[in-house]
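Everything below concerns the one structure shown next.
The values are calculated or read from the model by the stated rules, or taken from the named source; none is laboratory data. Treat the numbers as computed from the prediction; the structure is a model and nothing was measured. A quick note on method: Cβ atoms are made from the backbone with ideal geometry, for glycine too, and the neighbour counts reach across all protein chains shown. The area values use the complete protein model at the heavy-atom level, side chains included, leaving out ligands, DNA and RNA. Shrake-Rupley method; radii C 1.70, N 1.55, O 1.52, S 1.80 Å.
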Amino acid sequence: MTNGQVVIVGAGPSGCYLAQALLKACPELQVDLIDRLPVPYGLVRYGVAADHQGTKGVTRQFARIFERQGARFFGNVEIGKCVTLDDLRSAYDAVVLAAGLSKDRKLGIPGDRIPGIFGAGNVTRALYDHPDAENLPSLGSRPLIIGNGNVAIDLLRLLAKSTEEMEGSDLGQAATDWLATSGIEEITITGRSPAARAKFDVVMIKELAKLAGVTIRVVGAGTSDDPDEQKKIDAVEALDGLSTGPRRITFRFGMTPAAVDGETWVKAVTFKTTEGIESIACTSVLTAIGFDPAGDLPRAELIAAASDAEAGALAPGLYATGWFRRGPRGTIPENRTDAQALAARILKDLNAADANANKLGPTIFQNLPDLTDYSGWSRIDAAETADPPPGRCRVKIATREAMLTLASEKETKP
Ligand SMILES: Cc1cc2nc3c(=O)[nH]c(=O)nc-3n(C[C@H](O)[C@H](O)[C@H](O)COP(=O)(O)OP(=O)(O)OC[C@H]3O[C@@H](n4cnc5c(N)ncnc54)[C@H](O)[C@@H]3O)c2cc1C
């Protein structure tokens, strides 16, 4: 079936890579990407660090899906709220859930609801002007980070950087002021596993050696017989003793959080270690320990009932990819491999099925209020990059209302 209609829920990296793979293999296919936000690109826009603009360059590749390959974007459409999954399944030959995972995982230990604990997702959304973000939190002078994956290292690096070190980023004014006035003196970063099995990538650790105003201490990195594990240990140990300025950073490993202490605000975290119990005082806690599903899509039920969850096949005509399928693991390029395999599976299934010319396709969205499309996103993108202040490459439009206003403006002829 080469004239089939496919809809992808979520225009983040996994949705974009899937559209790219489907249209490359079968250019006659109609591929629609929908997103609950008025703008595409998911965590590339709202998760990837503001000082990692090179990584965000992948959006140029994604833009070609809409500009050259014929994919269509329908923004400001939340599946589960504006349109049901059943509506989509009746309107399209194939529906793919690429909705990611965005709810910060809870610590699940006594005290984990005490004020002063902030999830990495909430904090990065606030830092990067996500339209649904909460306010930037008050961290005090000694925040403690729990987690040792790349997201934790991103947070550590941002909190440790000076205003000058954010040159060239797209960090907004409110976040810039927040970082400049944070009053942070010391950041402790703790991981449950030993350094050998920490989740961070070595390249992320090496980047910390460039920080201009920090003094770093590494406690208990250990050793390993495995050469790859030893590379991680070497990278982190190379930071020990680095001293370029007053802001102190301490790495701790093998620390399993057991309880958060405090009454009206966090005061300390108690950890189980190989030596026994240890309490570390802090003025706030940042958790970077993974993500759970948010919103109304019944992910757990769909995956439990899936015909072949590993291949992304949930039910006839219904598929999943990216973080939504795999869980909150893997970098942007890892979603590409996933998407290519799923594209082959979808095309095989479509070819085996009869084309249904009566499928409604995107006409089911036509009465939805404030729908955005790719040209609307292009207007937002152009406005954000037209005249950034010195030291910034973009000023994000932060509210949904302002994005919708710009997206709906008609093009004016000169
Ligand atoms: C803070 C952070 C920093 C990261 N930094 C890097 C990095 O530097 N380099 C790297 O390679 N990887 C990085 N990653 C990992 C990378 O972002 C992920 O691999 C990738 O974004 C997963 O893609 P996805 O499309 O599955 O999910 P997402 O990027 O989350 O995209 C999902 C999309 O679905 C939409 N959506 C959700 N629910 C609905 C719904 N009900 N209806 C309609 N739309 C919906 C969302 O708005 C979103 O646009 C980072 C991750 C995080 C959390």
(message) For the chain, take the longest principal axis of its alpha carbons; what is the angle in degrees between that and the long axis of helix 227-237, to the nearest 10 within 0 to 90?
(response) 60
(message) Helix 58-67 against the longest principal axis of the chain: what's the angle in degrees, Cα atoms only, rounded to the nearest 10?
(response) 10
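Suppose R0 equals 25 Å; then what is the FRET efficiency for Asp86 and Ala300 from their Cβ-Cβ distance, rounded to the nearest 0.05? Don't jump to the answer; show the numbers that get you there.
On the way: r = 18 Å, r/R0 = 0.72.
Once the sixth-power term is evaluated, E becomes 0.85.
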(request) Step through the residues of segment 144-151 one at a time and calculate ³J(HN,Hα) from phi using the Karplus curve (6.51 cos²θ - 1.76 cosθ + 1.60, θ = phi - 60°), rounding each to whole Hz and writing x for Gly and Pro. (result) 10, 9, 9, x, 9, x, 5, 5
(request) Starting from the Cα of Ala25, step 7 Å along the direction of its Cβ; do the same at Thr163; then give the gap between the two resulting points in nm. (result) 5.2
(request) Using amide H atoms built 1.01 Å from N in the peptide plane, name the residues 5+ places from Cys82, or on other chains, whose amide H lies under 5 Å from its own. (result) none
(request) Would you list which aspartates and glutamates come within 19 Å of Lys210, measuring only between C-alpha atoms, while excluding same-chain residues fewer than 8 positions from it? (result) Asp51, Asp154, Glu164, Glu165, Glu167, Glu185, Glu186, Asp201, Asp234, Glu237, Asp240
(request) With springs only between Cα atoms under 10 Å apart, run a GNM on the chain and tell me which of Thr55, Thr250, Thr264 wobbles the most. (result) Thr264
(message) Computing the accessible area with a 1.4 Å probe over protein heavy atoms, can you report the carbon and sulfur percentage for the chain?
(response) 50
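Using the heavy atoms of the protein chains and a 1.4 angstrom probe, tell me the accessible area per residue for the chain in square angstrom.
Working: 18910 Å² over 414 residues.
Using a 1.4 Å probe on heavy atoms only, each residue of the chain averages 46 Å².
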(request) Would you please give the FRET efficiency between Ala180 and Ala309, computed as 1/(1 + (r/R0)^6) with r the Cβ-Cβ distance and R0 = 35 Å, to the nearest 0.05? (result) 0.15
(message) Per residue of segment 309-326, what does 6.51 cos²θ - 1.76 cosθ + 1.60 with θ = phi - 60° give for ³J(HN,Hα)? Whole Hz please, x for Gly and Pro, Karplus curve as stated.
(response) 4, 4, 8, x, 8, 8, 7, x, x, 10, 9, 9, 8, x, 4, 4, 7, 7
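Which pairs, out of Lys103/Lys348; Lys56/Lys161; Lys24/Lys199; Lys24/Lys410, put more than 22 Å between their alpha-carbon atoms? Walk me through the numbers before you get to the answer.
Values: Lys103/Lys348 34 Å; Lys56/Lys161 20 Å; Lys24/Lys199 34 Å; Lys24/Lys410 31 Å.
Over 22 Å apart, Cα to Cα: Lys103/Lys348; Lys24/Lys199; Lys24/Lys410.
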(message) Give the aspartates and glutamates reachable from Lys106 as a straight Cα distance under 12 Å; neighbours fewer than 8 places away on the same chain don't count.
(response) Asp292
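Restricting to bridges with both residues inside the chain, how much of the DSSP beta-bridge set is antiparallel, in percent to the nearest 5?
Working: 19 of 58 bridges.
In the chain, DSSP labels about 35 percent of beta bridges as antiparallel.
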(request) Treat each spin label as a single point 7 Å out from the Cα along the C-beta direction, and report the Thr385 to Arg329 distance in nm. (result) 3.5
